[in-house]
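Peer 1: After the structure tokens below, expect a handful of questions from me.
The values are calculated or read from the model by the stated rules, or taken from the named source; none is laboratory data. In this text the structure is predicted, and so the values were computed from the model without any measurement. Ideal geometry is used to build each Cβ from the backbone, glycine not excepted, and the neighbour counts take in all protein chains shown.
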Amino acid sequence: MENMQYNEINEIQAKKEGDEKEFQLHLKSAEGGNSDGQNSLGYCYEYGIGTIKDNKKAFQWYLKSAEGGNGYGQYNLGRCYEYEIGTIKNEEKVFQWNLKSAEDGNSYGQDGLGYCYEKGIGTTKDNEKAFQWYLKSAEGGNSTGQYNLGRCYANGIGTTKDDEKEFQWNLKSALGGNSSGQNNLGYCYRNGIGTTKDEGKAFLWYLKSVEMGNSYGQNSLGYCYENGIGTTKDEEKAFQWYLKSAEGGNSYGQYNLGYCYEKGIGTTKDEERSFQWYLKSVEGGSSEGQNNLGYCYEKEIGTTRNEEKAFQWYLKSAEGGNSYGQYNLGRCYECEIGTIKNEEKAFEWYLKSVEGRNSCGQNSLGYCYEKEIGTTKDEEKAFQWYLKSAEGGNSYGQYNLGRCYEYGIGTIKNEEKAFEWYLKSVEGGNSYGQNGLGYCYEKGIGTTKYKEKAFKCYLQSAEGGNSCGQNSLGICYENGVGTTKNKEKAFQCYLKSAEGGNSYGQYNLGRCYEYEIGTIKNKEKAFEWYLKSVEGGNSYGQNGLGYCYEKGIGTTKDKEKAFQCYLQSAEGGNSYGQNSLGICYEKGIGTTKDKEKAFQWYLKSAEGGNSYGQNNLGHCYKNGIGTKKNKKKAFQWYLKSAESGNSYGHFRLASLVKAIMQFILRVF
């Protein structure tokens with residue numbers, strides 16, 4: 001051990017002596033007026049090679065070298081003006097000195113000039129000129145120029161996008177020892193850009209990049225360890241590499257480090273640190289960090305909730321071209337988060353998001369087309385966008401695609417496919433998918449009826465905080481679907497669902513208070529929860545509220561309001577509302593008696609499978625209410641009602657059969 005330490009000390013001492021000799025040689029050469037020596041001496045002062053670091057002296061010697069016509073000196077002088085090395089920043093001089101260096105044939109100057117044209121440093125932005133100068137630098141064998149030329153082909157900067165050329169120039173740059181080129185070559189291998197996908201090679205090139213201290217390579221290597229790309233998954237190593245990248249000032253590394261702290265990847269969960277790293281990330285202009293910072297403000301992660309700030313950061317991210325930022329900005333406009341509701345803008349930002357192939361945006365765009373949010377209703381387009389989202393692995397898209405197949409939205413009804421997509425959504429841990437799958441098991445949609453499995457799916461969904469699942473679980477407990485009846489648990493589930501804003505849960509909670517299901521009867525609360533359900537546009541709630549107004553339950557009797565509520569419910573396709581509306585027309589409740597309309601609404605209710613509507617339709621046929629008497633049809637509808645378990649249907653069927661039997665006995 002002592003020998004090793006002794007050898008290391010000797011090596012350090014030898015290097016120091018070598019650097020000092022090198023410095024002295026460059027000093028003599030520089031003082032003798034040699035422009036190469038002057039440039040090299042400037043380099044020694046800039047990096048502290050064989051002498052104390054001194055940026056002002058570095059600048060002075062680069063200046064002498066540049067004025068002596070040295071292309072390297074001119075390039076380095078340009079760098080000094082760009083990065084404030086021993087002098088004040090001056091973009092015009094950055095451009096001028098890179099131009100002189102480039103025109104002198106210096107490949108570094110050519111690369112620097114290309115960068116000036118690309119970014120508009122000291123000159124007008126001109127991507128075509130940027131491309132031409134990068135090309136000259138690259139063809140001159142400059143590895144940085146080769147890397148930048150690869151970027152041009154990757155992003156279509158001053159030229160047409162070309163994956164093969166992107167790969168070839170990154171390969172040349174990487175083989176030339178350029179760490180940025182090595183990182184980008186790894187990216188090409190990882191994603192199969194211009195070459196065959198090879199995650200093993202991707203990992204190896206990222207590894208080479210980090211050997212040279214490249215912060216982008218460190219971030220990429222972290223990503224490999226996090227996701228098991230070309231190597232064994234190792235979240236602790238992922239965290240360590242993100243940390244190195246972040247501490248090196250890389251905004252991507254800072255963003256990923258923030259994500260590690262947020263989700264507890266390779267480290268202990270720490271939302272405050274997560275927020276701080278996202279904040280650092282945005283200082284470096286990271287659009288990913290801007291999006292996640294917005295999410296922190298929206299969801300109160302490591303900071304105080306502030307929806308206005310959330311909106312502002314989503315806006316910055318979106319304007320920076322980030323597809324997640326665009327999606328979240330769309331959500332803000334749709335759901336009124338930190339801004340005024342604007343459905344047209346919501347649709348526009350979702351549309352921009354899908355240009356970046358964002359599966360969340362694809363799902364939301366589908367929803368816009370389905371529900372006519374900021375655009376014309378188009379169920380076929382809704383289906384197509386849900387399909388894209390689902391195929392992209394989005395669990396919400398998979399759930400919505402399942403709904404399309406279940407209900408025939410924009411496509412042909414296919415219960416087997418509905419079941420399959422709900423199942424995929426559940427595999428992604430989606431609580432809506434769990435509720436949808438539960439319904440399939442309960443009703444035998446695309447699969448065999450299995451009420452115990454239905455209950456388990458609803459339970460998972462409810463435990464995940466899903467208000468739809470909570471309502472479904474309440475129904476299971478109320479009616480003993482796949483579990484033992486428990487009215488108190490049913491009430492609790494409905495309460496959670498209702499408090500979560502679910503209009504079905506609110507309706508069912510109203511029923512609990514009205515009919516004393518798992519709680520004490522409270523007519524005023526019944527009325528209040530029906531009213532909330534109606535505010536959510538729920539047709540069951542409309543029917544329930546109508547009944548409250550008709551009978552004076554928790555409110556003053558108002559038959560006209562009752563009629564209006566029933567009408568809304570009926571026009572919304574609710575079979576209970578249609579039956580109630582039929583009664584209004586038959587009895588003249590809140591409207592003029594109209595037996596023909598009564599018959600028509602009973603017919604709609606009955607055809608919708610409502611046992612009360614079927615019973616009342618049978619009554620119409622038996623007694624000639626709004627239609628001709630027809631005892632055969634009366635019998636058929638009473639029978640359907642009775643088969644559905646309706647006690648009124650049973651009674652009227654029995655009465656009709658008895659009357660028929662008495663008639664037969666009298667005749668014979």
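Peer 1: Taking the options LEU257, LEU329, LEU279, name whichever one is touching a Gly at 6+ places or on another chain (Cβ under 9 Å), under 30 Å from TYR369 (Cα atoms) and of a type in the set (A, V, I, L, M).
Peer 2: Numbers: LEU257 fails: under 30 Å from TYR369 (Cα atoms); LEU279 fails: under 30 Å from TYR369 (Cα atoms).
When all the criteria are applied, what remains is LEU329.
Peer 1: Please indicate, with yes or no, whether at least one residue in the stretch 168-181 is hydrophobic (A, V, I, L, M, F, W, C), under 19 Å from ASN148 (Cα atoms), free of Cβ contacts under 8 Å to residues at least 24 places away in the same chain and part of a helix (DSSP H, G or I).
Peer 2: Initially, the stretch 168-181 is screened for residues hydrophobic (A, V, I, L, M, F, W, C), giving 169, 171, 174-175.
Those left that are additionally under 19 Å from ASN148 (Cα atoms): 169, 171, 174-175.
Filter once more, keeping what is free of Cβ contacts under 8 Å to residues at least 24 places away in the same chain: 171, 175.
Applying the additional criterion that residues be part of a helix (DSSP H, G or I) yields 171, 175.
Looking for residues that are hydrophobic (A, V, I, L, M, F, W, C), under 19 Å from ASN148 (Cα atoms), free of Cβ contacts under 8 Å to residues at least 24 places away in the same chain and part of a helix (DSSP H, G or I), one finds at least one in the stretch 168-181, hence yes.
Peer 1: Looking at ILE340, ILE301, can you tell me which residue is at pLDDT 95 or above, aliphatic (A, V, I, L, M), more than 19 Å from ILE373 (Cβ to Cβ) and more than 15 Å from the chain's Cα centre (by Cα)? Before the answer, list the steps.
Peer 2: Details: ILE340 fails: more than 19 Å from ILE373 (Cβ to Cβ).
It is ILE301.
Peer 1: Let me ask another. Hey, which of the helices (runs of 4 or more DSSP H) in the stretch 509-597, taking only ones fully inside, have at least 2 residues that are farther than 30 Å from THR627 by Cβ and hydroxyl-bearing (Ser, Thr, Tyr)? Steps first, answer last, please.
Peer 2: Working: elements: 523-535, 539-551, 559-571, 575-587.
Here the list reads 523-535.
Peer 1: Out of the residues in the stretch 44-70 meeting the condition of being aromatic (Phe, Trp, Tyr) and in contact with a helix residue (DSSP H, G or I) (Cβ under 7 Å, 6 or more places away or on another chain), tell me which one is farthest from GLU103 (Cα to Cα). It would help to see each step written out before you state the result.
Peer 2: Applying the first criterion (aromatic (Phe, Trp, Tyr)) to the stretch 44-70 yields 45, 47, 59, 61-62.
Then drop every residue that is not in contact with a helix residue (DSSP H, G or I) (Cβ under 7 Å, 6 or more places away or on another chain), which leaves 45, 59, 61-62.
Numbers: TYR45: 27, PHE59: 21, TRP61: 21, TYR62: 18 Å.
Only one residue tops the list, namely TYR45.
Peer 1: Can you pull out the residues in the stretch 479-516 that are within 22 Å of GLY433 (Cα to Cα) and among the charged types (D, E, K, R)?
Peer 2: LYS496, GLU499
Peer 1: Moving on. Which of the residues belonging to the stretch 542-567 are within 23 Å of GLN614 (Cβ to Cβ), within 42 Å of the chain's Cα centre (by Cα), crowded, with 21+ Cβ neighbours inside 10 Å and not hydroxyl-bearing (Ser, Thr, Tyr)?
Peer 2: GLN542, ASN543, GLY544, GLY546, CYS565
Peer 1: Hey, can you tell me all the residues within the stretch 194-211 that are assigned to a helix (DSSP H, G or I) and polar (S, T, N, Q)?
Peer 2: Residues of the stretch 194-211 that are assigned to a helix (DSSP H, G or I), as a first pass: 199-211.
Correct list: SER209 only.
Peer 1: Those residues that are within 17 Å of GLY428 (Cβ to Cβ) and either surrounded by fewer than 22 Cβ atoms within 10 Å (Cβ to Cβ) or touching a Phe, Trp or Tyr at 6+ places or on another chain (Cβ under 6 Å) (or both), I need them from the stretch 375-389; list them, please.
Peer 2: LEU387, LYS388
Peer 1: Please count how many residues of the stretch 65-92 are buried (at least 21 other Cβ atoms within 10 Å of the Cβ) and either modelled with pLDDT under 95 or in a helix (DSSP H, G or I) (or both).
Peer 2: 13
Peer 1: Testing ALA346 on (1) farther than 18 Å from LEU329 by Cβ; (2) hydrophobic (A, V, I, L, M, F, W, C); (3) crowded, with 22+ Cβ neighbours inside 10 Å, one condition comes back false. Which one is that?
Peer 2: Here ALA346 meets the rest and fails (1).
Peer 1: Just checking, does the stretch 603-615 include any residue being over 47 Å from the mean Cα position of the chain (by Cα) and part of a helix (DSSP H, G or I)? Before you say what the answer is, go through the steps one by one.
Peer 2: Keep residues of the stretch 603-615 that are over 47 Å from the mean Cα position of the chain (by Cα), which gives 615.
Keeping just the survivors that are part of a helix (DSSP H, G or I) gives 615.
The answer is yes; a qualifying residue exists.
Peer 1: Please state which one of GLY181, GLY200, GLY176, GLY141 is surrounded by fewer than 18 Cβ atoms within 10 Å (Cβ to Cβ), modelled with pLDDT of 95 or more and closer than 27 Å to ALA238 by Cβ. Let's see the steps before the verdict.
Peer 2: Details: GLY181 fails: surrounded by fewer than 18 Cβ atoms within 10 Å (Cβ to Cβ); GLY176 fails: closer than 27 Å to ALA238 by Cβ; GLY141 fails: closer than 27 Å to ALA238 by Cβ.
Sole residue among the options that is surrounded by fewer than 18 Cβ atoms within 10 Å (Cβ to Cβ), modelled with pLDDT of 95 or more and closer than 27 Å to ALA238 by Cβ: GLY200.
Peer 1: Regarding GLU372, is this residue surrounded by fewer than 24 Cβ atoms within 10 Å (Cβ to Cβ), at pLDDT 95 or above, more than 19 Å from the chain's Cα centre (by Cα) and under 29 Å from GLU307 (Cβ atoms)?
Peer 2: Numbers: surrounded by fewer than 24 Cβ atoms within 10 Å (Cβ to Cβ): yes; at pLDDT 95 or above: yes; more than 19 Å from the chain's Cα centre (by Cα): yes; under 29 Å from GLU307 (Cβ atoms): yes.
Considered against the rule, which asks whether it is surrounded by fewer than 24 Cβ atoms within 10 Å (Cβ to Cβ), at pLDDT 95 or above, more than 19 Å from the chain's Cα centre (by Cα) and under 29 Å from GLU307 (Cβ atoms), GLU372 comes out as yes.
Peer 1: Condition test on ALA454, is it under 20 Å from TYR507 (Cβ atoms), small (Gly, Ala, Ser) and touching an Asp or Glu at 6+ places or on another chain (Cβ under 7 Å)?
Peer 2: On the way: under 20 Å from TYR507 (Cβ atoms): no; small (Gly, Ala, Ser): yes; touching an Asp or Glu at 6+ places or on another chain (Cβ under 7 Å): yes.
It is false that ALA454 is under 20 Å from TYR507 (Cβ atoms), small (Gly, Ala, Ser) and touching an Asp or Glu at 6+ places or on another chain (Cβ under 7 Å).
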